[in-house]
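Chemist: I'd like to ask you about the structure that follows.
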Amino acid sequence: MMAITITAFERSPDGGKGLARDMRVRWALEEVGQPYEVRLVSFGAMKKPEHLALHPFGQIPTYEDGDLGLFETGAIVFHIAERHAGLLPDDENARARAITWMFAALSTVEPPILELANAKLIEGDKSWTAQRLPLVEERVRSRLVQLSRRLGEADWLDGAFSAGDLMMVSVLLRLKSSGLLDDYPNLSAYVARGEARPAYKRAFEAQWAVNTSKSPTG
Ligand code: GTB
């Protein structure tokens, strides 16, 4: 059987904090116990025809298994969760709800978080950023308030841990350094529960090893 191969940054701009999106694919594969290989790509190589054939937008991660080539973490994690036990419940309705949480993470919660990251990292030096930042932060907060209310005191969003939680925790992790999560103790605890999972830890260690090794090719 051919090995699953994913792509990841040769050197992540976060230096190994686990914020690049290969992390959620690694985590999903660890949760279901599927071995995988990683092809490391530079920013330059991502824009070359060979990689563009796999990922039309010239990004990481990608996923290859035999004849199948996928891009987009939502599609990749969903594919893994559908084919292997451990990330989606058997009950049909519970399964549909877990998938709904995956979409909610990617379509409703992640966009304002990305906007905040871009406002700080890419537009941080613009004269209008100081004025705009509170508005962007407010959009993030409004999602956190809603999510915090829904999660309440539960461990996970809908019963047992699922691909919906994997995606939501992955999305929320991007906020850790902003301090915004600190105002929502149940969400901070939710993220910490995700990070404490053995599968998360294995995935984190693997990307950490790549990003902290001396040679750029790990
Ligand atoms: N919607 C796509 C998906 O979910 O798969 C988005 C993929 C994506 O944004 N990939 C990024 C990429 O390849 C890496 S994860 N960027 C290179 C490019 O577009 O040229 C985004 C990311 C990058 C860096 C950090 N960081 O340093 O903290 C965090 C997240």
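The values are calculated or read from the model by the stated rules, or taken from the named source; none is laboratory data. Note that this is a predicted model, so its numbers are computed, not measured. All Cβ positions, glycine included, derive from the backbone under ideal geometry; neighbour counts span all protein chains shown. Side chains are part of the model used for accessible areas, which takes the heavy atoms of the whole protein and leaves out ligands, DNA and RNA. Shrake-Rupley method; radii C 1.70, N 1.55, O 1.52, S 1.80 Å.
Chemist: Please name all residue pairs, on different chains or six or more residues apart, with Cβ atoms under 9 Å, provided the first residue is in segment 145-164 and is over 22 Å from A199 (Cβ atoms) and in contact (Cβ under 8 Å) with a residue 40 or more places away in the chain and the second residue is part of a loop (DSSP other than H, G, I, E, B) and of a type in the set (A, V, I, L, M).
Modeler: Between residues of segment 145-164 that are over 22 Å from A199 (Cβ atoms) and in contact (Cβ under 8 Å) with a residue 40 or more places away in the chain and residues that are part of a loop (DSSP other than H, G, I, E, B) and of a type in the set (A, V, I, L, M), the close pairs are L147/L157.
Chemist: What's the number of the condition Y63 fails, among (1) within 18 Å of the chain's Cα centre (by Cα); (2) closer than 16 Å to L166 by Cβ; (3) open to solvent by 40 Å² or more (accessible area, probe 1.4 Å)?
Modeler: (3)
Chemist: Mind checking which residues of segment 15-55 are over 18 Å from the mean Cα position of the chain (by Cα), within 13 Å of the ligand (Cβ to nearest atom) and part of a loop (DSSP other than H, G, I, E, B)?
Modeler: S42, K47, K48, L54
Chemist: I would also like to ask the following. For segment 182-197, give me the residue count where each residue is touching a residue at least 40 places away in the same chain (Cβ under 8 Å) and of a type in the set (S, T, Y).
Modeler: 1
Chemist: Among the candidates H79, H84, single out the residue that is of a type outside the set (G, A, S) and touching a Gly at 6+ places or on another chain (Cβ under 9 Å).
Modeler: Exactly one of H79, H84 is of a type outside the set (G, A, S) and touching a Gly at 6+ places or on another chain (Cβ under 9 Å), namely H84.
Chemist: Is it the case that segment 203-211 has a residue that's surrounded by 12 or more Cβ atoms within 10 Å (Cβ to Cβ) and part of a loop (DSSP other than H, G, I, E, B)?
Modeler: no
Chemist: Only one of E110, E82 is surrounded by fewer than 15 Cβ atoms within 10 Å (Cβ to Cβ) and acidic (D, E); which?
Modeler: E82
Chemist: Mind counting the residues in segment 22-41 that are out of contact with any strand residue (DSSP E or B) (no Cβ under 8 Å at 6 or more places or on another chain) and touching a residue at least 60 places away in the same chain (Cβ under 8 Å)?
Modeler: Step one: list which residues in segment 22-41 are out of contact with any strand residue (DSSP E or B) (no Cβ under 8 Å at 6 or more places or on another chain), which gives 23-24, 27-28, 30-33.
Next cut, touching a residue at least 60 places away in the same chain (Cβ under 8 Å) only: 23-24, 27-28, 30-31.
Adding up the residues that qualify gives 6.
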